[in-house]
Amino acid sequence: MKEIYEPKFVESLFDRMSSSYSNMNFITSFGFSERWRRQCVEEINIEKGKTVVDLMTGMGECWKHILKKSDKNSKLIGLDFSTEMVNRAEKNKRNFKNSSIEILKENVFKNSIANETADYVISGFGLKTFDDEQLKKLVYEIDRILKPGGKFSLIDVSVTNSKILKPFYMFYLKNIIPIIGKLFLGNPETYKMLGVYTEEYGNSRNVHQIFDKSEFEVEYVEYFFGCATGIKGSKKKY
């Protein structure tokens, strides 16, 4: 399974899904993906005049929630390494003409964001594409770019622990989503990979453990019976 975490594999996968990813997310989650993004951002109460870094920004699906309280002194930096996702993010940027948005087409582990740039770090649905070693590198990068006292909130779709929901959820993940993917892309295998990542990921407990060993104060968060989970926290002040 190691190859599914290789950056080139992940980049190619999201390039292929870019044309339908937003609609697929919304439809296959019954609209919950949008709600979860909003909840993820609201976990840290972003203030005006601050700098927010949106890692694995995709097409900028979290931006409208991030920029809700923005002003002329606020800045958003969106980072993603998928060419097609970044192209769509550039188009999405036009919807926020009064906001300061910088888009970086870079790998999160080799990014050009300066040390202690961000007041806040957000990431929606990017965690599951990382293995443990990459997650440890992610800890380092978030620690590096966050200011002391800065806050972060990360979320991803997860496998529910509900005994009632879980059998239906897994059947849906493994069988129905690939069919919907075929309708959108004519290729069920592409969206089948989202189920593979999600099953391997499980939930954000492992992410919480990895982050909890760092210079962060961190908390585990569940959404809708654990169908999405995440972590939120802050960087300790010196």
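On the basis of being in a loop (DSSP other than H, G, I, E, B), out of contact with any His (no Cβ under 7 Å at 6 or more places or on another chain), under 25 Å from residue 229 (Cβ atoms) and charged (D, E, K, R), does residue 61 make the cut? Judged against the criteria, residue 61 is a match.
Of the listed requirements (1) polar (S, T, N, Q); (2) touching a helix residue (DSSP H, G or I) at 6+ places or on another chain (Cβ under 7 Å); (3) closer than 18 Å to residue 53 by Cα; (4) surrounded by 18 or more Cβ atoms within 10 Å (Cβ to Cβ), residue 129 misses just one: (3). When the range 130-160 is limited to residues that are in contact with a strand residue (DSSP E or B) (Cβ under 9 Å, 6 or more places away or on another chain) and part of a helix (DSSP H, G or I), the one that is farthest from residue 58 (Cα to Cα) turns out to be 143. Scanning the range 91-115 for residues that are loosely packed, with under 15 Cβ neighbours inside 10 Å and not in a strand (DSSP E or B) yields 91, 94, 95, 97, 98, 106, 107, 109, 110, 112, 114, 115. All of 173, 154 fail the test of being buried (at least 19 other Cβ atoms within 10 Å of the Cβ) and either in contact with a Cys (Cβ under 8 Å, 6 or more places away or on another chain) or of a type in the set (S, T, N, Q) (or both), apart from 154. Exactly one residue among 214, 204 is surrounded by 15 or more Cβ atoms within 10 Å (Cβ to Cβ), in contact (Cβ under 8 Å) with a residue 60 or more places away in the chain and more than 24 Å from residue 34 (Cβ to Cβ), and that residue is 214. Checking each residue in the range 217-227 for being crowded, with 17+ Cβ neighbours inside 10 Å and at pLDDT 95 or above picks out 218, 220, 221, 223. Close Cβ contacts (under 6 Å, 6 or more residues apart or on different chains) running from residues in the range 53-69 that are over 15 Å from residue 88 (Cα atoms) to residues that are of a type in the set (Ser, Thr, Tyr) and in a strand (DSSP E or B) comprise 55/123. Scanning the range 116-125 for residues that are buried (at least 20 other Cβ atoms within 10 Å of the Cβ) and either in contact with a helix residue (DSSP H, G or I) (Cβ under 6 Å, 6 or more places away or on another chain) or modelled with pLDDT of 95 or more (or both) returns 118, 119, 120, 121, 122, 123, 124.
The values are calculated or read from the model by the stated rules, or taken from the named source; none is laboratory data. Values in this document were obtained by computation on a predicted structure and should not be read as measured data. All Cβ positions, even for glycine, are placed from backbone atoms using ideal geometry, and neighbour counts span all protein chains on display.
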